Amino acid sequence: MMENDDQTYTLKLSNQLGELGRLQEALESLPETMDLPPTLVMPLNLAMEEAFTNIVNYAFDDDNPHTIEVSITKHERELVISIVDDGRPYNPTLKEDPDIDLPVEDRKIGGLGIFLIKKIMDDVAYRRENEKNILMLTKKLTQ
């Protein structure tokens, strides 16, 4: 029988950019609460800020309050972050990576956020379930 040593931290945020502070505080507490290397905080913060900002800015067709649920789970050798929202269906993993070799003025607008997330995280997956977007970000842990 396998032991389940998973630790999960869940945060429910409203679809307001002002919630970034709460998200950042949660990420900054991870080295202590989940025994993670402090060097992970900055890249995770960057990836999560991109994902959260995109959801707040583009996922909703109305001005109503919506909940964005962020769950951070530490498995033995990986950290899995799931971001769930009830916005319009959108699979960011299908977005073509920008050609970063082109001069800035020749590049298409958009797509840098998900490109950055893919560069920071080891795996980025998306699924649509029960009228909700579920973005799964995985980071391998080396400790």
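Summary of computed values
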read-out	value
Number of the condition not met by Met48 [criteria: (1) at pLDDT 90 or above; (2) closer than 18 Å to Val124 by Cα; (3) out of contact with any helix residue (DSSP H, G or I) (no Cβ under 9 Å at 6 or more places or on another chain); (4) of a type in the set (A, V, I, L, M)]	(3)
Selected residue (criterion: modelled with the highest pLDDT) from residues of region 110-143 that are surrounded by 14 or more Cβ atoms within 10 Å (Cβ to Cβ) and among the small types (Gly, Ala, Ser)	Ala125
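The values are calculated or read from the model by the stated rules, or taken from the named source; none is laboratory data. For clarity, every value in this text was computed on a predicted model and none was experimentally measured. Don't worry about glycine lacking a Cβ; one is built from the backbone with ideal geometry, like all the others, and counts go over all protein chains shown.
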